Amino acid sequence: MRHLIMAVASMALFAGAAHAAGNDAGGHGHGDTETMAIGEPGEAAMAKRTVTITMLENDEGEMLFKPASLKVKAGETIRLKFVNRGELDHEFVMDVHDEIMEHKELMAKFPEMEHDDANAIRLVSGATGEIVWTFANAGDFQFACLIPGHYELGMKGEITVSN
Ligand SMILES: [Cu+2]
């Protein structure tokens, strides 16, 4: 069922927008993570630094990542640890801004859609997880929770990769 939803979402994405050329055989659009500007899955043994990112809701009705910004050196491999301290499901997806926005639209149309991409993780309340990632290129990237409504309530952050 989940694959069917993603297949439909994938078609909508490719029909609706000029998308970077690439392999769309898997997942719902990104497919080939090797070609992502933000980098690629890294080897745990290469990670010299661990950053813990907490997902939460606060009493003001905001939904947040803490920290909401990350500074990385190009070529650096980082172990990103995630803790969902909120009461709701949250996700983390990192990419270039335009891709985040495209995904956001897609999630609004297909709220059940799940990311099974290497650059994303979804956690239920209380869960933890991690992504080991090599940030290949200098540039400004974004991370976000694209569960409908969460971005608007504050669930976004910046990744700055410098040379
Ligand atoms: Cu969220």
_Give me the residue from segment 115-138 that is over 19 Å from residue 68 (Cα atoms) and within 11 Å of the chain's Cα centre (by Cα) and, out of that set, surrounded by the fewest Cβ atoms within 10 Å (Cβ to Cβ)._
116
*Would you tally the residues in segment 50-80 being part of a strand (DSSP E or B) and either without any contact (Cβ under 8 Å) to a residue 24 or more places away in the chain or over 11 Å from residue 135 (Cβ atoms) (or both)?*
14
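The rows are residues; the columns are (1) within 16 Å of the ligand (Cβ to nearest atom); (2) of a type outside the set (Val, Ile, Thr).
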position: 100; (1), (2): yes, no
position: 104; (1), (2): yes, yes
position: 114; (1), (2): yes, yes
position: 118; (1), (2): no, yes
position: 125; (1), (2): yes, yes
position: 136; (1), (2): no, yes
*Among what's in segment 69-105 and is closer than 21 Å to residue 44 by Cβ and under 11 Å from the mean Cα position of the chain (by Cα), pick the residue that is surrounded by the fewest Cβ atoms within 10 Å (Cβ to Cβ).*
93
*Do any residues in segment 139-151 that are touching a residue at least 24 places away in the same chain (Cβ under 8 Å) and within 9 Å of the ligand (Cβ to nearest atom) have Cβ atoms under 7 Å from those of residues that are part of a loop (DSSP other than H, G, I, E, B) and of a type in the set (A, V, I, L, M), where the two are at least six apart or on different chains, and which pairs are they?*
144/155; 145/155
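The numbers here are math on the coordinates, done by the rules we state, and not lab data. Keep in mind that what you see is a predicted model, and the values were worked out from it rather than measured. FYI the Cβ positions are ideal-geometry reconstructions off the backbone, even for glycines, and counts take in every protein chain you see.
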